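Have a look at the structure below, then the notes.
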Amino acid sequence: MTHVIDSISLILITISFIILIRERKKITEMDGLLFGSLLILLLAYFALLFFYIEEFEDILGALIPVLFAFVFYSIIQKQNAAKIEQNEERLRLAIDATRAGLWDLNFATGRLIISDAWFDIIGYHPSELRPLNQAKWKKLVHPEDYAAAHPLFVQHLKGLNELHEATLRIQHKNGNWLWFQSRGKVIAQDQSNRAVRMTGTLIDLSKQKELEISLKNQLAENQKLFDENVTQTTQLADNEEKYRVLYESSLDAIILIKDRCYAACNPKSYEMFQCEPGYLIGRSPDKFSPEFQPDGQRSKDKSDVIFEKVYKGEPQIFEWVHQRPNGELFDVSVRLNLVELDNEQYIQTVLHDITEKKKVASELENYRENLEILVEQRTAELTQAMNDLQNTQAQLIQSEKMASLGILTAGVAHEINNPLNFIMGGYRGLEIYLNNTELHTDPDLKKLMGSIKIGADRAIKIVKGLNQFSRSKESFDEKCDLHAILENSLTLLTNELKDRVEIERNFNEQPLIILGNIGNLHQVFINIIHNASDAIADTGKIILNTRQEADQVIIECIDNGDGVSEEDLPQLTVPFFTTKEQGKGTGLGLSISYGFIQKHNGTLAFESKLHEGTKVTITLPYPSK
């Protein structure tokens, strides 16, 4: 039995020795002598087990567990002390980081103890204010905040609030007010439940309050700016409406000229020129003038001189003779002034019809010149009769000219079709004749016949395209074959496209026929294909796609030209906006096209990348069968 106990003791001594060696650093930190003593005792006890000295063996066996218990208790205490010290350091760092002070209020003594960090925040040395009491505290706190916080403090003491919270302004030593958030709680009470001790924190909120005040001021300023903007916007809208009414209801023609061509006109302009809307746009004023003005100068040369002066910043006021599409002349007084719109220069033009005034002036001048011969009444009557006869004759000649011009305009298509019919009739007769002879196999003759057929077909297509393009019908109930309209548009643009632009057609297998305005759709497709052609510098390709999707038809025009920047895309349908170089575009083509598409209840969309090309997509409603 003794041997078993000794074996167990030997195992325990070995385990104790291993633990002692592993924990040597911690034991050495507490007491190096203790570590050495334990080591010696263990070795001695180990040796006594082999020499069988029972008296010393029993003493050491009882002493060693006590020493080990003391050592491990000391280790645990040291670890707890280290943790407490670490937590205190963390608390100190947290308080420093949050700019806060800890306070402790003893109700028995009336003393208020606050940590040193708080005194640093308000600019005092602790010795300047300690000992703190209620009187000193009340003097530091802003009167308004003290009055608001004190009732809350009393309520907490009565147990009505679990936690006392208040926002206070405390005066810095330099006189400034700092914002603090005070939080506290009663931690000790007497037997009557009266507060004995209360602790809490004072957290510096000055920077947050400054930001809050700054934010409120900024919000107030933003609201003020917003209100001013609303007022200005309302005024601007009122002014725009007034200017629009003045512009549209003016008794004078108001015209904007860009690059020496009419760019925009008010309704009075078309009434004065007695022409269709859009007839004036994109053409220079001398195109609506006789070749010579009354002073003998050429209209073109005189207008160039006037434009040069205006572009130098010199407003011009003068009289001018214009010519209506029917050839009728009328007199106007002109006022030109250089203006800037959307960072582009325009010439503001105001035309006032003075035809009647000039006529009266002319009559008065005639009367004045005839005063000397009024004595000879007969002569004056004969002269007047002769003048009347001459005027009547001139009017008849002019009327005859205008009637002839109208007949010529109306019969141009018919007169062109007649020789085309003769040509096609002769071609078919000659073809039938040759097919019955041996000459029908002659390659040269076949080539010649083919050339005649191609030329005649092209002339027929051009006449058809002109007829369609010049339609002036205002309704939107015509059956419009989109493929035919696209082909007509390409025919009219042949000279611009040939030998330079390849046209790829990807048309829907079935004809796409919608209800709309044929003339308007011609203008839309010609504008879009023309723009695509202009975007191609040298040679390139235009792809025309059509398809039906449910109750809509899609028409796409894709080119590989210069493209449009992302910033300019939203502006493409804005009147007078153009990406073309000066003198090449008025900026109204896409704007007008967009209006026509809207009248057809459709949409117009653009996709483009600079130097890669542009895709224009037109969506139109497709009538259900």
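The values are calculated or read from the model by the stated rules, or taken from the named source; none is laboratory data. No experiment lies behind these values; they were computed from the predicted model shown. Note: ideal-geometry Cβ built from the backbone for every residue, glycine included; neighbour counts use all protein chains shown. Accessible surface areas use protein heavy atoms only, side chains included; no ligands, DNA or RNA. Shrake-Rupley method; radii C 1.70, N 1.55, O 1.52, S 1.80 Å.
Sort out which residues of region 299-341 are surrounded by 14 or more Cβ atoms within 10 Å (Cβ to Cβ), among the aliphatic types (A, V, I, L, M) and out of contact with any Ser or Thr (no Cβ under 7 Å at 6 or more places or on another chain), and write them in order of number.
306, 310, 332, 338
Residues that are of a type in the set (A, V, I, L, M): find the helices (runs of 4 or more DSSP H) completely inside region 109-165 holding 3 or more of those.
Working: elements: 116-121, 126-129, 134-140, 143-157.
Per the criteria, 143-157.
Testing residue 190 on (1) over 24 Å from residue 146 (Cβ atoms); (2) open to solvent by 70 Å² or more (accessible area, probe 1.4 Å); (3) in the same structural domain as residue 141 (by the TED database), one condition comes back false. Which one is that?
The number of the failed condition is (2).
Checking the conditions here, which among 581, 567 is within 30 Å of the chain's Cα centre (by Cα) and at pLDDT below 85?
Working: 567 fails: at pLDDT below 85.
Only one candidate qualifies: 581.
If I go through region 495-523 residue by residue, how many of them are under 16 Å from residue 559 (Cβ atoms) and open to solvent by less than 20 Å² (accessible area, probe 1.4 Å)?
2
Please tell me if residue 229 is without any contact (Cβ under 8 Å) to a residue 12 or more places away in the chain, more than 30 Å from residue 123 (Cβ to Cβ), of a type in the set (S, T, N, Q) and open to solvent by less than 100 Å² (accessible area, probe 1.4 Å).
For residue 229, the condition - without any contact (Cβ under 8 Å) to a residue 12 or more places away in the chain, more than 30 Å from residue 123 (Cβ to Cβ), of a type in the set (S, T, N, Q) and open to solvent by less than 100 Å² (accessible area, probe 1.4 Å) - is met.
Between a first residue in region 495-513 that is farther than 26 Å from residue 476 by Cβ and in contact (Cβ under 8 Å) with a residue 40 or more places away in the chain and a second residue that is of a type in the set (A, V, I, L, M) and in a helix (DSSP H, G or I), which pairs have beta carbons less than 6 Å apart while being 6 or more apart in sequence or on different chains?
Filtered contacts from region 495-513: no entries.
If residue 542 passes every condition in (1) modelled with pLDDT of 90 or more; (2) open to solvent by 10 Å² or more (accessible area, probe 1.4 Å) but one, which one does it miss?
(2)
Looking at this structure, is residue 215 under 27 Å from residue 110 (Cα atoms) and either more than 35 Å from the chain's Cα centre (by Cα) or not assigned by the TED database to the domain that holds residue 103 (or both)?
Numbers: under 27 Å from residue 110 (Cα atoms): no; either more than 35 Å from the chain's Cα centre (by Cα) or not assigned by the TED database to the domain that holds residue 103 (or both): yes.
Spelling it out, it is not the case that residue 215 is under 27 Å from residue 110 (Cα atoms) and either more than 35 Å from the chain's Cα centre (by Cα) or not assigned by the TED database to the domain that holds residue 103 (or both).
In contact with a His (Cβ under 7 Å, 6 or more places away or on another chain), without any contact (Cβ under 8 Å) to a residue 24 or more places away in the chain and open to solvent by less than 80 Å² (accessible area, probe 1.4 Å) - does that describe any residue in region 142-154? Even if it seems obvious, please write down each step before you answer.
Within region 142-154, the subset in contact with a His (Cβ under 7 Å, 6 or more places away or on another chain) is 152-153.
Cutting the leftovers down to without any contact (Cβ under 8 Å) to a residue 24 or more places away in the chain gives us 152-153.
Those still in the list that are open to solvent by less than 80 Å² (accessible area, probe 1.4 Å) too: 152-153.
Yes, region 142-154 contains a residue that is in contact with a His (Cβ under 7 Å, 6 or more places away or on another chain), without any contact (Cβ under 8 Å) to a residue 24 or more places away in the chain and open to solvent by less than 80 Å² (accessible area, probe 1.4 Å).
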